[in-house]
2 protein chains.
Amino acid sequence: MQDTNNIPKRSTLPEDHPKGPAIILVEPQMGENIGMCARAMLNCGLDDLRIINPRDGWPSGSAIQTSSGAVNVIENAKVYNSTAEAVEDLQFVLATTARERDMVKPVFTPAGASHELHNRYADNQKCGIMFGPERSGLTNDDVALAHAVLNVPLNPDFSSLNLAQAVLLIGYAWYEKLGHDIPDTYTRRGESPPATQQEFNGAMQHLMDALENKGFFLNPEKRPNTERNIRNMFARLDMTSQETSTLRGIVKALARQKQTKT
Amino acid sequence: MQDTNNIPKRSTLPEDHPKGPAIILVEPQMGENIGMCARAMLNCGLDDLRIINPRDGWPSGSAIQTSSGAVNVIENAKVYNSTAEAVEDLQFVLATTARERDMVKPVFTPAGASHELHNRYADNQKCGIMFGPERSGLTNDDVALAHAVLNVPLNPDFSSLNLAQAVLLIGYAWYEKLGHDIPDTYTRRGESPPATQQEFNGAMQHLMDALENKGFFLNPEKRPNTERNIRNMFARLDMTSQETSTLRGIVKALARQKQTKT
């Protein structure tokens with residue numbers, strides 16, 4: 001994730017990747033920020049970058065540098081003279097803004113917007129998300145072009161994000177809903193499969209026998225309950241086949257008559 | 001959101017803010033990155049920053065600079081000599097990593113981790129999330145200290161995030177679940193309340209009367225259906241009280257006998 005040593009020199013999206021919303025940067029100031037936006041876009045499987053009047057000119061060497069390999073997104077970016085022109089072909093446009101505007105407008109969180117955008121892409125609509133200049137944000141005229149507002153709810157006393165971070169949070173909300181095959185939690189097991197109940201019971205029997213030999217079960221009445229508690233504790237481990245062997249090895253070593261120095 | 005002109009000089013969390021997981025940076029290299037992490041943390045209502053052996057020393061002027069006002073997070077950061085020490089008081093620790101490790105470990109997405117962390121905080125447990133150095137990520141020894149792995153699923157061909165972006169995405173997943181009072185979508189209306197049905201019907205009647213005067217309804221048989229379609233289109237606007245007056249004004253102006261030049 002934050003490991004940066006394996007960034008490919010030039011990355012792009014596979015041809016069959018599902019299309020996503022255009023990212024529209026209105027009068028961005030610094031090339032560096034455009035590059036970081038391109039990187040965040042490609043992280044999230046987005047590659048339609050549109051730029052309106054970039055202050056420092058275009059093409060931008062610093063944009064390519066900060067894109068960390070998302071060079072194709074930069075090279076294929078389209079540059080426009082006006083916001084209206086940049087959104088001409090789109091059927092649903094969101095304006096990101098934190099400030100209250102005196103405009104009647106639906107407002108979406110990133111999660112809400114992602115839901116709406118996925119519904120619209122399922123219906124083959126072309127959509128886009130506008131971001132304003134670093135310092136000032138979108139003008140009211142730009143916001144009026146949009147069908148709805150996108151607002152990232154953050155700590156109200158400290159809600160300022162930089163441009164690329166805003167693109168990343170919103171892009172990730174889009175990407176998150178693409179990844180239907182990724183469960184919110186699972187267990188990574190490496191090579192060894194989960195243990196069968198037989199393997200688990202074998203290891204438990206090994207443990208109980210060793211404990212009995214060592215006189216662990218002082219009170220025969222309490223033994224069933226104690227055994228159950230021990231089994232329950234180890235069951236929670238959800239061990240692999242390999243780990244049941246490791247556990248047997250541990251028990252065997254601990255039960256040795258002659259101790260080796262540790 | 002990306003409007004940066006209103007960043008407070010020094011921001012902190014209110015006393016009664018719900019506690020969240022510690023952010024644990026293991027051997028971060030650049031002060032700039034630590035500052036940006038502090039900013040991302042405070043964006044997401046987190047303020048327990050722990051740093052293990054920062055390469056460029058501590059305190060760090062560049063960290064304060066890039067924190068954009070999250071100075072209290074920087075100043076209250078705790079510095080440790082080892083990861084083990086930094087997590088000593090915690091009851092549940094997550095290790096962020098993208099690389100496959102040969103370790104049996106539960107894996108969470110940010111959404112899954114947020115769910116788990118909120119459950120644990122509801123139970124008053126102290127939790128933390130570890131992030132490795134910028135270039136290399138966490139060592140296997142560090143990952144082994146954690147109860148589970150946190151992985152951000154991104155474009156598999158381009159999944160590298162910088163440190164602060166990883167903190168932001170994961171922090172936002174935490175914050176998102178705090179904001180139960182923020183609906184995923186709502187309509188911002190400014191000062192004017194939503195129109196009553198009476199106001200809406202009045203505007204519609206005004207429109208229908210004007211259309212009738214102008215001979216719009218050529219076919220009396222089709223009229224009910226045409227009227228219904230027009231009503232339905234305007235109903236979708238979900239107008240404010242003020243907007244019904246605006247609509248009446250539009251109709252009145254259009255219906256004028258004497259046209260003014262446009």
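The values are calculated or read from the model by the stated rules, or taken from the named source; none is laboratory data. Owing to the predicted nature of the structure, the values given are computational and were not obtained by experimental measurement. Note: ideal-geometry Cβ built from the backbone for every residue, glycine included; neighbour counts use all protein chains shown. Accessible surface areas use protein heavy atoms only, side chains included; no ligands, DNA or RNA. Shrake-Rupley method; radii C 1.70, N 1.55, O 1.52, S 1.80 Å.
Go through region A:49-84 and give me each residue that's touching a Phe, Trp or Tyr at 6+ places or on another chain (Cβ under 6 Å) and either in a helix (DSSP H, G or I) or open to solvent by less than 10 Å² (accessible area, probe 1.4 Å) (or both). Scanning region A:49-84 gives a single hit, A:I52.
Looking across region A:230-245, the residues that are of a type in the set (S, T, N, Q) and within 14 Å of chain B (Cβ to nearest Cβ) come down to A:T240, A:S241, A:Q242, A:T244, A:S245. With respect to (1) over 30 Å from A:G20 (Cβ atoms); (2) more than 8 Å from chain B (Cβ to nearest Cβ); (3) of a type in the set (D, E, K, R), the lone exception for A:K177 is condition (1).
B:M204 satisfies every condition listed in (1) out of contact with any strand residue (DSSP E or B) (no Cβ under 8 Å at 6 or more places or on another chain); (2) exposed (fewer than 13 other Cβ atoms within 10 Å of the Cβ) except (2).
Close Cβ contacts (under 6 Å, 6 or more residues apart or on different chains) running from residues in region A:230-253 that are assigned to a helix (DSSP H, G or I) to residues that are polar (S, T, N, Q) and open to solvent by less than 80 Å² (accessible area, probe 1.4 Å) comprise A:S241/A:S192; A:Q242/A:S192.
Would you point out which residue out of B:E191, B:E116 is free of Cβ contacts under 8 Å to residues at least 60 places away in the same chain, over 27 Å from A:L42 (Cα atoms) and part of a helix (DSSP H, G or I)? Before you say what the answer is, go through the steps one by one.
Values: B:E191 fails: part of a helix (DSSP H, G or I).
Testing whether each residue is free of Cβ contacts under 8 Å to residues at least 60 places away in the same chain, over 27 Å from A:L42 (Cα atoms) and part of a helix (DSSP H, G or I) leaves just B:E116.
Residues that are under 29 Å from A:T187 (Cβ atoms) and either free of Cβ contacts under 8 Å to residues at least 40 places away in the same chain or of a type in the set (K, R) (or both) within region A:210-224 comprise just one, A:L211.
In this structure, is A:E85 of a type in the set (D, E) and away from chain B (no Cβ under 14 Å)?
Values: of a type in the set (D, E): yes; away from chain B (no Cβ under 14 Å): yes.
The answer is yes for A:E85.
To keep it simple, each residue is scored yes or no on (1) among the basic types (K, R); (2) more than 9 Å from chain A (Cβ to nearest Cβ); (3) touching a helix residue (DSSP H, G or I) at 6+ places or on another chain (Cβ under 6 Å).
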{"position": "B:A146", "(1), (2), (3)": "no, yes, no"}
{"position": "B:N151", "(1), (2), (3)": "no, no, no"}
{"position": "B:S160", "(1), (2), (3)": "no, no, no"}
{"position": "B:Q165", "(1), (2), (3)": "no, no, yes"}
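Would you confirm whether or not region B:115-129 contains a residue that is more than 27 Å from B:L178 (Cβ to Cβ) and surrounded by fewer than 16 Cβ atoms within 10 Å (Cβ to Cβ)? Give the steps one after another, and end with the answer.
At the first step, the residues of region B:115-129 found to be more than 27 Å from B:L178 (Cβ to Cβ) are none.
Within region B:115-129, none of the residues are more than 27 Å from B:L178 (Cβ to Cβ) and surrounded by fewer than 16 Cβ atoms within 10 Å (Cβ to Cβ).
The single condition among (1) of a type outside the set (F, W, Y); (2) more than 30 Å from B:G137 (Cβ to Cβ); (3) at pLDDT below 90 that B:L178 does not meet is (2).
From the set of residues in region B:104-114 that are touching a Lys or Arg at 6+ places or on another chain (Cβ under 9 Å) and facing chain A (nearest Cβ under 7 Å), which is surrounded by the most Cβ atoms within 10 Å (Cβ to Cβ)? Please lay out each step first, then the result.
Residues of region B:104-114 touching a Lys or Arg at 6+ places or on another chain (Cβ under 9 Å): B:104-107, B:111, B:114.
Cutting the leftovers down to facing chain A (nearest Cβ under 7 Å) gives us B:104-107, B:111.
Numbers: B:V104: 17, B:K105: 18, B:P106: 18, B:V107: 21, B:A111: 17.
Among residues in region B:104-114 that are touching a Lys or Arg at 6+ places or on another chain (Cβ under 9 Å) and facing chain A (nearest Cβ under 7 Å), the one surrounded by the most Cβ atoms within 10 Å (Cβ to Cβ) is B:V107.
What do you reckon, is A:N229 open to solvent by 20 Å² or more (accessible area, probe 1.4 Å) and farther than 30 Å from A:I24 by Cβ? Don't jump to the end; show me each part of the working.
Values: open to solvent by 20 Å² or more (accessible area, probe 1.4 Å): yes; farther than 30 Å from A:I24 by Cβ: yes.
The answer is yes for A:N229.
Screening region A:8-46 for residues that are among the small types (G, A, S) and within 11 Å of chain B (Cβ to nearest Cβ) and picking the one that is nearest to A:N81 (Cα to Cα) gives A:A38.
The number of residues in region A:9-46 being assigned to a loop (DSSP other than H, G, I, E, B) and either open to solvent by 60 Å² or more (accessible area, probe 1.4 Å) or hydroxyl-bearing (S, T, Y) (or both) comes to 10. Answer yes or no as to whether A:E199 is of a type outside the set (F, W, Y) and either in contact (Cβ under 8 Å) with a residue 12 or more places away in the chain or open to solvent by less than 70 Å² (accessible area, probe 1.4 Å) (or both). Considered against the rule, which asks whether it is of a type outside the set (F, W, Y) and either in contact (Cβ under 8 Å) with a residue 12 or more places away in the chain or open to solvent by less than 70 Å² (accessible area, probe 1.4 Å) (or both), A:E199 comes out as yes.
To keep it simple, each residue is scored yes or no on (1) buried (at least 19 other Cβ atoms within 10 Å of the Cβ); (2) at the interface with another protein chain (Cβ under 7 Å from one of its Cβ atoms); (3) in a loop (DSSP other than H, G, I, E, B); (4) without any contact (Cβ under 8 Å) to a residue 60 or more places away in the chain.
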| position | (1), (2), (3), (4) |
| --- | --- |
| B:A98 | yes, yes, yes, no |
| B:D142 | yes, no, no, no |
| B:L154 | yes, yes, yes, yes |
| B:I182 | no, yes, yes, yes |
| B:T187 | no, yes, no, yes |
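Note on region A:156-180: among residues that are part of a loop (DSSP other than H, G, I, E, B) and of a type in the set (A, V, I, L, M, F, W, C), the one that is surrounded by the fewest Cβ atoms within 10 Å (Cβ to Cβ) is A:F158.
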